[in-house]
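The values are calculated or read from the model by the stated rules, or taken from the named source; none is laboratory data. Predicted model only: the values in this text are computed from it and were never measured. Reconstructed Cβ throughout: ideal geometry from the backbone, glycine too, with neighbour counts over all protein chains shown. Ligands, DNA and RNA are stripped out before the accessible areas are found, and what is left, the full protein with its side chains, is counted by its heavy atoms. Shrake-Rupley method; radii C 1.70, N 1.55, O 1.52, S 1.80 Å.
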Amino acid sequence: MTLWRIQAVVDESPGRLAALTTALALCQGNILDLTVQPDSHGAVDEFFVMAPPSVGQDLLVNALTTAGGRDVRMRQAGMDELVDAATRALGLAARLSSDLEELPGVLLELLGADAAEVLSATAGSTGETATPDSGDDLHFLLVPLPDGSTVRLARRALVFTATEAARADALVRLAERLSGSGRPPEPASHCHVVLSDESELLVRPGLPGDASAAAQLHRRCSPETRRLRYFSPRHRLSAGMLERLLDRRYGHTLVAVSPQGQLVAMGHLLPTAEPGVAEVALLVEDAWQHRGLGTVLLRRLLALGRCQGFAELSAYVPPGHTRMLRLLRRVGAAEEFDMADGLVRVRIPLSPVVIASGQPAPARSGG
């Protein structure tokens, strides 16, 4: 019997996973493990399948493709790869706690990569494991480290997913805590900002006591501004929704306060069900638009997201909201937009970075 590790991108629709498992069963494949990993182009289903020697790679790929899988990739696996994922992660964390120099090798084992290479902040590699022959079907993941260097992971055949990037980032955060270095300090909780028209505002965290002022802000906004934020021209927010937006248990909210004490804008950083991903959203009162306030809030939310350890931020934008799309592009949003429920989903990678197959990215320059 041959053990295969298989990836297939699957549209998130009822019955699609069942179709893939049925296709494997018809090929006499015995599924020993299955994980579903959210990614930028749909869910990535990963299977460990035991199949008879007579069932070759081409047969399995064709069966999964016919059943609705896309970009099907596979490679032979070893039985050691079947260790329970949680058990593996905890064991690697224990190993890391005894020797932080093991971080590149621990990352390699965590994600089942073939090679890990340390790239210094200035140039060149200090090498932990040599990169495999670049002629192979290689995929890369760049994992930034606190000292400015980068661990470049390489893996044949199987792509790295956003879920795996979040796992790598979580392990780096653990190493930071163990070393006592920590991440860069979180942006100052209160700051005064000067806009393009020289107006000065206070930006600070939103608090439960801001509920009344936030409700008034929403009432002052035009129906179009509210529609672009909530995808419907709702006149008011329920008490429950205001509570969720202003309670730190559910995420982070920044508010902008005018010199007269009015709350004139809100920015939100809200964790999602996807590992390592948070959603960002902005609401700026009409009278305060076109002054750079949205840019100020978004950049502070990005800094906050990095400090909180998120690997990626996402935003949902109506297709006609060109100003918001331009703003998101300016702060590093991915150029690929996914349509979902009539909205544009924009992704802003924070760390690490998944590199497509081909030549590995060069080392980052210092500075």
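Count of the range 1-50 residues, restricted to those that are closer than 21 Å to V277 by Cβ and out of contact with any Leu (no Cβ under 9 Å at 6 or more places or on another chain), is 12.
Checking each residue in the range 229-256 for being within 21 Å of G342 (Cβ to Cβ) and in contact with a helix residue (DSSP H, G or I) (Cβ under 7 Å, 6 or more places away or on another chain) picks out P233, R234.
In the range 211-234, which residue that is out of contact with any Pro (no Cβ under 8 Å at 6 or more places or on another chain) and not in a helix (DSSP H, G or I) is least open to solvent (accessible area, probe 1.4 Å)?
Only one residue fits best here, namely C221.
In the set L302, L298, L293, only one residue is of a type outside the set (D, E) and within 20 Å of F231 (Cα to Cα); that residue is L298. Summed over the range 245-289, residues that are among the charged types (D, E, K, R), in contact with a strand residue (DSSP E or B) (Cβ under 7 Å, 6 or more places away or on another chain) and over 29 Å from T161 (Cβ atoms) total 1. Residue count for the range 324-342 under the criterion of being farther than 22 Å from R204 by Cα, at pLDDT below 85 and open to solvent by less than 60 Å² (accessible area, probe 1.4 Å): the result is 6.
Taken across the range 246-262, residues that are in contact with a Phe, Trp or Tyr (Cβ under 9 Å, 6 or more places away or on another chain), closer than 30 Å to L171 by Cα, of a type in the set (K, R) and open to solvent by 80 Å² or more (accessible area, probe 1.4 Å) do not occur at all.
Looking only at the range 61-81, residues that are over 30 Å from the mean Cα position of the chain (by Cα) and in contact (Cβ under 8 Å) with a residue 12 or more places away in the chain come to 1 in all. Screening E109 against (1) part of a loop (DSSP other than H, G, I, E, B); (2) touching a Lys or Arg at 6+ places or on another chain (Cβ under 9 Å) leaves a single unmet condition, (1).
The set of residues in the range 263-307 being closer than 30 Å to V36 by Cα, in a helix (DSSP H, G or I) and out of contact with any Asp or Glu (no Cβ under 6 Å at 6 or more places or on another chain) consists of L301, L302, A303, L304, G305, R306. Between G78, G56, the distinction of being open to solvent by less than 40 Å² (accessible area, probe 1.4 Å), closer than 18 Å to R155 by Cα and out of contact with any strand residue (DSSP E or B) (no Cβ under 6 Å at 6 or more places or on another chain) belongs to G78 only. When the range 146-181 is limited to residues that are part of a loop (DSSP other than H, G, I, E, B) and modelled with pLDDT under 80, the one that is most open to solvent (accessible area, probe 1.4 Å) turns out to be D147.
Among the residues of the range 144-165, just one is over 18 Å from W4 (Cβ atoms), within 17 Å of the chain's Cα centre (by Cα) and among the polar types (S, T, N, Q), namely T163.
The set of residues in the range 22-37 that are out of contact with any strand residue (DSSP E or B) (no Cβ under 7 Å at 6 or more places or on another chain) and open to solvent by less than 40 Å² (accessible area, probe 1.4 Å) contains only A23.
Scanning the range 38-53 for residues that are in contact (Cβ under 8 Å) with a residue 40 or more places away in the chain, under 30 Å from the mean Cα position of the chain (by Cα) and within 15 Å of R5 (Cα to Cα), which turns out surrounded by the fewest Cβ atoms within 10 Å (Cβ to Cβ)?
The extreme case among them is F48.
For the range 300-323, filtering for residues that are open to solvent by 30 Å² or more (accessible area, probe 1.4 Å) and modelled with pLDDT of 90 or more leaves 1.
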